[in-house]
């Protein structure tokens with residue numbers, strides 16, 4: 001928006017755009033190596049104990065020898081998009097949250113592909129930074145239908161993943177997500193409405209609703225991300241592409257009677273792996 005090569009001074013451009021002049025000159029500082037180490041450890045702790053809040057996470061970090069304050073832990077949790085999982089009281093939804101949709105999976109028996117899809121967003125630590133990963137999962141088969149990575153948590157890359165999944169695999173009957181801002185945005189919900197998909201969102205007390213994709217995050221991180229410590233975004237995308245191919249095509253799942261997601265999704269008979 002600001003054209004620094006223009007004859008019009010930057011100060012005047014900022015005034016015309018109703019922007020603060022200080023924000024025009026602001027350059028974001030990269031996170032320190034110490035914060036990246038803390039965030040990596042917090043990510044591991046969250047996968048292990050997702051019900052731990054900022055106080056307990058801080059205590060665990062102190063046990064590991066990190067001197068860190070409670071406010072700083074909370075700041076890093078917000079930056080990572082990390083939310084403690086626990087039962088919350090069911091409260092009325094204020095008018096400003098009109099985009100929140102009801103939970104549609106109560107009592108629903110999921111018994112076929114493309115009946116229910118789910119999506120979620122997670123933090124991905126790298127050797128010298130971090131990115132965010134969104135994935136779309138077919139709940140019946142556990143097949144990863146689409147995914148994207150980004151260095152911000154804006155809705156655009158989530159919508160891109162959704163469009164790719166719809167174009168490649170058709171449309172689900174129900175799409176379930178949490179109440180994150182990416183999934184309550186007009187860009188996301190309008191895409192689903194246009195495709196004729198019923199939109200479902202986890203309730204305040206329904207911490208287990210997206211458990212299948214939470215298990216996917218654990219697999220992705222322990223079987224790939226933590227082992228690789230990717231240096232660049234391009235290396236991360238290449239590595240994730242290879243992992244998700246393995247996950248869909250080769251990796252057996254005990255919950256699927258030792259079948260592979262692709263075999264279940266496409267209803268192909270396979271031999272059971274030895275117990």
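The values are calculated or read from the model by the stated rules, or taken from the named source; none is laboratory data. Everything numeric here is computed off the predicted structure, so don't read it as measured data. Quick reminder, even Gly has a Cβ in these numbers, built from the backbone with ideal geometry, and neighbours come from all protein chains shown.
For region 144-173, which residues satisfy the criterion of being over 18 Å from residue 238 (Cα atoms) and part of a loop (DSSP other than H, G, I, E, B)?
Scanning region 144-173 gives 152, 153, 154, 155, 170, 171, 172, 173.
Return the only residue of 214, 160, 223, 231 being touching a helix residue (DSSP H, G or I) at 6+ places or on another chain (Cβ under 8 Å) and either under 28 Å from residue 36 (Cα atoms) or at pLDDT 90 or above (or both).
Just a single option satisfies the conditions, and that option is 223.
How about region 76-102: which of its residues are in a loop (DSSP other than H, G, I, E, B), at pLDDT 85 or above and surrounded by fewer than 16 Cβ atoms within 10 Å (Cβ to Cβ)?
Matches in region 76-102: 102 only.
Out of curiosity, is residue 167 over 18 Å from the mean Cα position of the chain (by Cα) and assigned by TED's automatic domain parsing to the domain that holds residue 225?
Yes, satisfied.
Give 177, 152 a once-over and let me know the one that is farther than 21 Å from residue 243 by Cα, surrounded by fewer than 19 Cβ atoms within 10 Å (Cβ to Cβ) and in the same structural domain as residue 250 (by TED's automatic domain parsing).
152
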